[in-house]
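Inspection log for the structure reproduced underneath, given as structure tokens.
Nothing in this text is a laboratory measurement; each read-out follows from the coordinates by a stated rule. In this text the structure is predicted, and so the values were computed from the model without any measurement. Counting neighbours? That spans all protein chains shown, and the Cβs are built from the backbone with ideal geometry, glycine included.
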Amino acid sequence: MVVAFFGHKDTPSAVKPLLEQTVQRLIEENEEITFLVGTHGAFDLMAQGVLGQALQKYPHINCHIVLSYIPFERNDELYALPTLVPEGIENVPKRFAISFSNNYMVNECDTVVCYITHDWGGAAQFVEKAKKKGKVIINLAGAKLP
């Protein structure tokens with residue numbers, strides 16, 4: 001199973017416990033699981049932190065930060081998780097790079113974990129694409145916070 005994350009850049013920190021519970025449940029329900037997460041906004045950073053903690057408890061899981069830009073210098077201290085650069089992104093104009101990497105995640109995943117409270121913006125756009133492709137959507141915005 002492959003899980004991607006999409007959420008608003010201003011996701012409140014109160015969502016973190018629910019995100020932790022969701023990630024733990026997905027890991028426990030799936031013997032093989034890979035997580036893909038971006039690098040932009042509060043939700044992505046929150047997911048990166050949750051995945052870093054999960055990786056310590058469940059070393060068999062796979063986690064990748066999907067980069068939108070090819071770094072000029074490799075800085076392993078910049079990200080706590082392994083990074084992945086989608087094939088072909090080197091040919092994409094910089095202004096389309098985030099969309100390219102988000103499309104990559106939509107195409108690769110089976111499930112999307114998201115925090116979407118309104119239907120505009122990049123996160124909502126890519127969750128809608130995932131929904132149209134028949135992906136499972138878990139929207140934390142509608143769930144009761146612990």
Scoring the stretch 2-142 by relative contact order with C-alpha pairs under 8 Å, at least six apart, yields a percentage of 29
In deg cm²/dmol, rounded to the nearest 500, the helical mean residue ellipticity at 222 nm of the chain, built from -39500 (n - 2.57) for every DSSP H run of length 4 or more, is -12000 deg cm²/dmol
For 107-113, 56-62, ranked highest to lowest by mean beta-carbon neighbours within 10 Å, the order is 107-113, 56-62
Mean Cβ-within-10 Å packing, highest first, puts peptides 80-87, 19-26 in the order 19-26, 80-87
Over the Cα atoms of the chain the radius of gyration and the largest Cα-Cα distance (Dmax), both in Å, equal 14.4, 44
Restricted to pairs 8 or more residues apart or on different chains, the lysines in the chain with C-alpha atoms under 21 Å apart form a number of pairs equal to 6
